[in-house]
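Worksheet for the structure shown next.
The values are calculated or read from the model by the stated rules, or taken from the named source; none is laboratory data. Keep in mind it's a predicted model, so treat the numbers as computed, not measured. For neighbour counting, all protein chains shown are included, and Cβ atoms are generated from backbone atoms with ideal geometry for every residue, glycine included.
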Amino acid sequence: MTAFNVVRFRVRPEGEEAFLAAHRNMKPDFEGIRRFTLFKTGDRTYCIIGEWESFDRLASARPQMIGLLDRFRQHLEDLGGGLGVTDPISGPAVIDKMAKQKRAAKPKAKKAAKRAKPAKKVAAKKKAPAKAKKKAKRGTSRNRACGHSRC
């Protein structure tokens, strides 16, 4: 079953760029990791979320994760309350839902609609002369029958 780990950090003011560089250059090649995300939660505070194939895979990768932490530990501040420089939590997923993705409007449908409009106009233009011919015939036949142009 999928598992996640979350680690909270507070970076020293002078160490923020080195902290970010360590994560930019990192290759999350831990066995069993699916996704690794670092996000900013506030002024000099960050969290990492790791998504794993299973909790066992996560647990077996802890020594590698600690090795990674040792590369930038000097750039972190103590969080206080006996936590040290990290506040890690982890566990197996209990409920895992994904939002439905919205379908993007199809641009081809818009182009097809634009193309259809001129066709309607052309069709309407073709009908208009036919109507005019009928009116002309009516007028002509009336003119011929009575000899007046207004009839």
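Residues that are at pLDDT below 80 and of a type outside the set (Gly, Ala, Ser) do occur in region 91-103.
Residues that are more than 13 Å from ARG71 (Cα to Cα) and either touching a helix residue (DSSP H, G or I) at 6+ places or on another chain (Cβ under 9 Å) or touching a residue at least 60 places away in the same chain (Cβ under 8 Å) (or both) within region 3-16 comprise ALA3, PHE4, ASN5, VAL6, VAL7, ARG8, PHE9, ARG10, VAL11, ARG12, GLU14, GLU16, listed in sequence order.
Counting only residues that are in contact (Cβ under 8 Å) with a residue 24 or more places away in the chain and outside any strand (DSSP E or B), which one in region 24-55 is surrounded by the fewest Cβ atoms within 10 Å (Cβ to Cβ)? For region 24-55, the residue satisfying everything is GLU31.
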